[in-house]
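First up is the structure itself, then whatever we jot down about it.
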Amino acid sequence: MLWNIDLTLVDVAIVTRDAYAEAFRIVTGRPLVKLVPALGRPDSEIVFETLAVNGIQAEDDHLPKFLSALALAFADRRGRLAKEGRMMSGAKAALKAVSRLDGVVQTVLTGTIKGNAVHKLKAFGLDKYVDFELGGYGEEVYPKATLLQVAQGRAKQRLATPFTAANTVVIGDSTRDVQAAKIGGAGMIGVASGRSMASELREAGADLVLPDLSDSSEVVAAVASLTSSMDPRPGQPDFSSWR
């Protein structure tokens, strides 16, 4: 199971923008005028586009410097995350419910750099459900579909199990998440809690679309319907009839 983070599990846009502004100032010596919207893109892509729209010619050392500054700026603001951000409706219950499925391992497929991804989920007590070592992150300069395959490779190496579309599920809120799942090889559950509407997620190719994560039984049923190897543990509800 690979979860997108922003607008799927949490919304910390205010703190993220402040951290970007600080990183931009440190790296360029200039104030940030415009931050390009994330729209499901990785931090590495956002950095280059933000430099460009602010009139900065990107050089070879800009990306590593910016990502390092971004990590420090975000860490300095981690105490604000729970106060100024929010956990998306049903996120904790959904993570907990999916964790009860036999054989499931939950990680993230996110455009956020790894350190910031940990801070985002830890601020809301969601980190205990996630194996961060198996995920794909924004500092890895690959398209999101390739990040999915990288995460599948990490899971295969750790768990000695091949991961394909038959036993890999992505949950995300953007059409880019859908495209990554379809290209990379995974089932896709779209959640219409972000900037992409349910109709857009369906049109992009999501296998299933939920309005949000507020009904954890619905989330578990969706996961079960897209996999061939996740069965409920004894004593847990069997959602196979929902397929």
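Residue pairs whose Cβ atoms lie under 6 Å apart, separated by 6 or more positions or on different chains, with the first residue in region 144-168 and more than 10 Å from A181 (Cα to Cα) and in contact (Cβ under 8 Å) with a residue 60 or more places away in the chain and the second open to solvent by 70 Å² or more (accessible area, probe 1.4 Å) and in a loop (DSSP other than H, G, I, E, B), are A166/S228. Among the numbered criteria (1) surrounded by fewer than 16 Cβ atoms within 10 Å (Cβ to Cβ); (2) of a type in the set (G, A, S); (3) part of a loop (DSSP other than H, G, I, E, B), which single criterion is violated by A75? Only one criterion in (1) surrounded by fewer than 16 Cβ atoms within 10 Å (Cβ to Cβ); (2) of a type in the set (G, A, S); (3) part of a loop (DSSP other than H, G, I, E, B) is unmet by A75, namely (3).
So which residues in region 98-114 are farther than 17 Å from A221 by Cβ and either open to solvent by less than 10 Å² (accessible area, probe 1.4 Å) or within 13 Å of the chain's Cα centre (by Cα) (or both), if there are any at all? Result: T107, V108, L109, T110, G111, T112, I113, K114. Counting only residues that are surrounded by fewer than 16 Cβ atoms within 10 Å (Cβ to Cβ) and among the β-branched types (V, I, T), region 115-157 holds 2 of them.
Results for (1) open to solvent by 10 Å² or more (accessible area, probe 1.4 Å); (2) under 16 Å from the mean Cα position of the chain (by Cα); (3) under 20 Å from E140 (Cα atoms); (4) among the hydroxyl-bearing types (S, T, Y), shown as yes or no for each residue.
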site: A160; (1), (2), (3), (4): yes, no, no, no
site: N167; (1), (2), (3), (4): yes, no, no, no
site: R176; (1), (2), (3), (4): yes, yes, yes, no
site: A180; (1), (2), (3), (4): no, yes, yes, no
site: I183; (1), (2), (3), (4): yes, no, yes, no
site: G187; (1), (2), (3), (4): no, yes, no, no
site: G190; (1), (2), (3), (4): no, yes, no, no
site: E200; (1), (2), (3), (4): yes, no, no, no
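Quick grid of which residues meet (1) within 25 Å of Y142 (Cβ to Cβ); (2) of a type in the set (D, E, K, R); (3) touching a helix residue (DSSP H, G or I) at 6+ places or on another chain (Cβ under 6 Å):
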site	(1), (2), (3)
D18	no, yes, no
E22	no, yes, yes
I26	no, no, yes
A58	yes, no, yes
S99	no, no, yes
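Residue by residue, here is whether (1) under 19 Å from R17 (Cβ atoms); (2) at pLDDT below 95; (3) in contact with a Gly (Cβ under 8 Å, 6 or more places away or on another chain) holds:
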{"residue": "L51", "(1), (2), (3)": "yes, no, no"}
{"residue": "A93", "(1), (2), (3)": "no, no, no"}
{"residue": "K122", "(1), (2), (3)": "no, no, no"}
{"residue": "V141", "(1), (2), (3)": "no, yes, no"}
{"residue": "L147", "(1), (2), (3)": "no, yes, yes"}
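Within region 4-59, the set of residues being part of a helix (DSSP H, G or I), open to solvent by 40 Å² or more (accessible area, probe 1.4 Å), of a type in the set (V, I, T) and without any contact (Cβ under 8 Å) to a residue 24 or more places away in the chain comprises V53 only.
Can you work out which of the residues in region 222-243 that are hydroxyl-bearing (S, T, Y) and part of a helix (DSSP H, G or I) is modelled with the highest pLDDT? For region 222-243, the residue satisfying everything is S225. Answer with yes or no whether V219 is modelled with pLDDT of 95 or more, closer than 18 Å to A165 by Cβ and touching a helix residue (DSSP H, G or I) at 6+ places or on another chain (Cβ under 6 Å). No: the conditions fail for V219. Return the total of residues in region 197-216 being farther than 18 Å from A91 by Cα and either of a type in the set (D, E, K, R) or at pLDDT below 95 (or both). Count: 4.
The values are calculated or read from the model by the stated rules, or taken from the named source; none is laboratory data. Keep in mind it's a predicted model, so treat the numbers as computed, not measured. Reconstructed Cβ throughout: ideal geometry from the backbone, glycine too, with neighbour counts over all protein chains shown. Ligands, DNA and RNA are excluded from the accessible area calculation, which covers all protein heavy atoms including side chains. Shrake-Rupley method; radii C 1.70, N 1.55, O 1.52, S 1.80 Å.
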